[in-house]
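Trainee: Please read through the structure below; I'll follow up with questions.
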Amino acid sequence: MKKYFSNRIIIKVIPLCAVVLLPFNKVLAQTKAEDAKMSVFVNGLMSKMTVDEKIGQLNLVTIGAATTGSVVNKGVEDNIKKGAIGGVFGIWGVDQVKQVQDLAMKNSRLHIPLIFGLDVIHGHRTIFPIPLGLSATWDMGLIKQSAQIAAKEATAEGLNWVFSPMVDIARDARWGRISEGSGEDPWYGSQVAKAMVQGYQGSNMKNADAVMACVKHFALYGGAEAGREYNTVDMSRIRMYQDYLPPYKAAVDAGAGSFMSSFNTVDGVPATGNRWLLTDLLRNQWGFKGFVVSDYTAVNEMEAHGLGDLQTVSALALKAGLDMDMVGEGFLLTLKKSLAQGKVTQQQIDLACRRVLEAKYKLGLFDNPYKSLNAARETTDVLTAENRTEARNITKHSFVLLKNSAQTLPLKKTGSIALVGPLADNQRDMLGTWVIAGEWQKSISVMQGIKNVIGSGVTINYAKGANITEDSSFIKRLNFAPGMVSIDPKPADELLNEALEAAKKSDVIVAVVGESQSMSGESSSRSDIDIPESQKNMLKALAKTGKPLVIVLFNGRPLTLTWEDKHASAILDVWAPGTEAGNAVADVLFGDYNPAGKITATFPRSVGQIPIYYNHKNTGRPYDGKGPSKFKSNYLDISNDPLYPFGYGLSYTTFGYGDVKLSKTSLKGNEALTATVTVTNTGKYAGEEVVQLYISDPVASISRSVKELKNFKKISLQPGEQKEVSFTITPEELKFYNSQLKYDWEPGKFIIQIGTNSSDTHTATIQWDK
Ligand code: NOJ
């Protein structure tokens, strides 16, 4: 305390603290008592367990289809009966889960309940936008709500553990899994991580509608070289701490119950067997108390990483701090032998077993192993009209208006529309990557959504216009599961002519194009991040008609849209929007909702600019913003600027920003500063704006990023309305990791920047001394 407050303020603060601390102390005492009860219970149970049963708890298996690898576990039923399995994933539904839980409860010697997990990533049955889209809402309430609904639906179908949130920072749009995270910014990613964990776990994981979160992929998975899936990651400690680790830490602070280790190496050692990562950092420095599960066969994959045979890598992983082995059964098959040979200790096995049992305890599974198995909830809580309504609302908040020349949007609810493109009359691709239990047949296509919203006032002239792609080898890869991409047998020319005919008859063209479901997500890296050629050819031909061309863009990553930005009248980015896709798209296209989403990952002009992110370093020869010049850090053939910067997104209305007003310009020590701007709605529509605060630290002991996001506020304004938006800034916002990895701030000049996106800000300078 003393460190942060002057004496005068302490006097005022003490009585306040007393009031606040009392209930806090009570909570602390309750937690301690609860922990003590848990220890007594787990000690008692463990005293009865054999080594085999303890190792069994560390074994997580999948039943049914291979989820994200070629391995599927065999002999699961026998192993459950023997107590050789601690958890199961890949099934859901009360009947199915009950059958499997029965195997453990009725047949295993100690009747230890199984934990049931699943990849519930952006919704369970009601599917929300992919996480990159959700993050574009800049609305933590909505993000949390999406996780709450997912938890409610998942528990209604027997689950108690979700493999989410993915909090990997990603700055390379070639990487297909950029779709599963919240973009490039560590501070923003930390807010989302916290909201998701809170949404899933609620106030108590014992609650009937709460699940345990599994934060992944620990760590740095988003830093894969060249954006190539599963590739090597190699980065400095400073970059790790400053830019990549904060969201994982935020998830620990939010109380996440479990973590998943990543496939990649960290500082040369695979994350799954990296003791520095799983023990020194995660547990000792950050205080994580839950358990760590490996990613799918990641223990076995340490063999291919070159760390030794299965027995060696399994022992390495356990000793590093890995508690549960997903699918590969390295723990199950080798740990006992390693124990006998002195390669692992009984304490190491016990510690991992204890952590898994504690998780089950915290979930209330020992109180009631059938806790999530209430058949009635399957009908009352899953894919309900209410959940769909919430999803529609969340979804429309995730859309980003990238371009809108001559106020092409919103469209009128009269006249005629040429609705074209392979994603226009399409249900399957509405859901995006990772929809295990979501059924695409339940999703609303854009065509259906438009009909729902406009009734019969508008004539729709539909034509598919193009296939997703005409590249047969690409199609083969996209169709890793049958029917992912269906190709129209008509020749490309014929499809295109139909689209041109539709355009001729219509006032405006709405082209629904972009990436299909399997173009992003795991194992879906792309070296070319354009809209595929077949669709682009269609867009080019449509642009030549001279009719207003609106692009409704589906994408699991930032795409290169330089041509589209130049030639389309409007571009609405809808990501992969989920079950309510079409309804939400129509709400926005026809102005029932004014879009306010902002991108959380930079859109490059060209794939050659990657990695590109707003919070880069200045370099010794910075680009001057005026175009390439000799002996500067730039390219010969392209500007350094992105097409759309981090935080960018338009509205149907316009917003004017006043100058930044500061409560003081010179500060000392732990004072606080208030920075205020006046934002005015200068257009014709009511709208929401995300007001963003960035800070630059131009002189420090290390080279700092040119700016860093530190806060934001989302406000609503009626036409002509003005609001003052204020941010409180304390030394906390000035801190960074120095070369000794000490997290602190250094005195000097700081530039406060407030604006509508990371490139368009108003600035004011302050001096802050220690
Ligand atoms: C591999 C993926 O990397 C991970 O995100 C997922 O949770 C597991 N497979 C389980 O399906």
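The values are calculated or read from the model by the stated rules, or taken from the named source; none is laboratory data. Please read these numbers as outputs of a predicted model, since none were measured by experiment. Positions of Cβ are backbone-derived with ideal geometry, glycine not excepted, and every protein chain shown enters the neighbour counts. The area values use the complete protein model at the heavy-atom level, side chains included, leaving out ligands, DNA and RNA. Shrake-Rupley method; radii C 1.70, N 1.55, O 1.52, S 1.80 Å.
Trainee: Rg (Å, one decimal) plus Dmax (Å, integer) for the alpha carbons of the chain?
Mentor: Just the Cα atoms of the chain yield Rg and Dmax of 26.8, 80 Å.
Trainee: Please give me the summed charge of the neighbours of Gln198: other residues whose Cβ is under 12 Å from its Cβ, Lys and Arg +1, Asp and Glu -1.
Mentor: +1
Trainee: Additional query: Hey, how many Å between the Cα centroid of the range 190-213 and the Cα centroid of the range 266-298?
Mentor: 21
Trainee: So if we plug the beta-carbon distance of Ser472 and Asp234 into 1/(1 + (r/R0)^6) with R0 = 25 Å, what FRET efficiency do we get, rounded to 0.05?
Mentor: Given R0 = 25 Å and the Cβ-Cβ separation, E is 0.10.
Trainee: If you count the DSSP beta bridges with both ends in the chain, what percent of them are antiparallel, to the nearest 5?
Mentor: 50
Trainee: Something else about it: Work through the residues other than Thr384 whose Cβ is under 14 Å from its Cβ and net out their charges, Lys, Arg +1 and Asp, Glu -1.
Mentor: Result for the neighbourhood of Thr384: -2.
Trainee: Counting Lys and Arg as +1 and Asp and Glu as -1, each charge on the Cβ, what is the dipole of the chain about the Cα centre in debye, to the nearest 20?
Mentor: Rounded to the nearest 20 debye, it is 1800 debye.
Trainee: Quick one: P(r) of the range 655-769 from all Cα-Cα pairs, 5 Å bins, percents rounded to integers, in order of increasing distance.
Mentor: 2, 11, 22, 22, 17, 11, 7, 5, 2, 1, 0
Trainee: What is the dipole size for the range 386-609, taken about its Cα centre, with +1 at each Lys and Arg Cβ and -1 at each Asp and Glu Cβ, in debye to the nearest 20?
Mentor: Rounded to the nearest 20 debye, it is 420 debye.
Trainee: Between the range 555-598 and the range 645-672, how far is it from one alpha carbon centroid to the other, in angstrom?
Mentor: The range 555-598 and the range 645-672 have Cα centres separated by 27 Å.
Trainee: In deg cm²/dmol and to the nearest 500, what is the mean residue ellipticity at 222 nm of the chain if only DSSP H runs of at least 4 residues count, each as -39500 (n - 2.57), divided by the residue total?
Mentor: -9500 deg cm²/dmol
Trainee: While we're on this one: Gap in Å between the Cα centre of the range 396-410 and the Cα centre of the range 692-755?
Mentor: If we compute the Cα centre of each part, the gap is 28 Å.
Trainee: Before I look further, what does the chain give for accessible area per residue, probe 1.4 Å, in whole square angstrom?
Mentor: Dividing the accessible area of the chain by its residue count gives 39 Å².
Trainee: Using a probe of 1.4 angstrom, how much of the accessible area of the range 560-630 is carbon and sulfur, in percent?
Mentor: The C+S portion of the solvent-accessible surface of the range 560-630 is 50 percent.
Trainee: Here's something else I'd like to know. What percent antiparallel are the DSSP beta bridges of the range 386-609, to the nearest 5?
Mentor: 15
Trainee: Now for a separate question. Inverting the mean 1/r over all pairs of different Cα atoms, compute the Kirkwood radius of the range 271-404 and quote it in Å.
Mentor: That comes to 18.0 Å for the range 271-404.
Trainee: Turning to a different aspect of this structure: Through the Karplus equation 6.51 cos²θ - 1.76 cosθ + 1.60, θ set to phi - 60°, convert the phi angles of the range 278-283 into ³J(HN,Hα) values in whole Hz; use x for Gly and Pro.
Mentor: Rounded to whole hertz, the list is 7, 10, 4, 7, 5, 8.
Trainee: How charged is the neighbourhood of Ile551? Take every other residue with its Cβ under 10 Å from the Cβ of Ile551, and add Lys/Arg as +1 and Asp/Glu as -1.
Mentor: Local net charge: -2.
Trainee: Same structure, new question: What number, in nm² with one decimal, is the all-direction average of the projected area of the convex hull of the alpha-carbon atoms of the range 75-179?
Mentor: 8.1
Trainee: Tally up the carbon and sulfur contribution to the accessible surface of the range 655-769 as a whole percent, 1.4 Å probe, everything protein left in place.
Mentor: 46
Trainee: Next question, about the same structure. Could you work out the equivalent-ellipsoid semi-axes for the range 289-341, taking the square root of 5 times each eigenvalue of the Cα gyration tensor, largest first, in whole Å?
Mentor: For the range 289-341, the ellipsoid semi-axes come out as 15, 14, 10 Å.
Trainee: Given a 1.4 Å probe and every protein chain left where it sits, what share in percent of the accessible area of the range 67-167 is carbon and sulfur?
Mentor: The value for the range 67-167 is 48 percent carbon and sulfur by accessible area.
Trainee: Based on the alpha-carbon set only, what is the convex hull volume of the range 386-609 divided per residue, in Å³?
Mentor: Dividing the Cα hull volume of the range 386-609 by its residue count gives 121 Å³.
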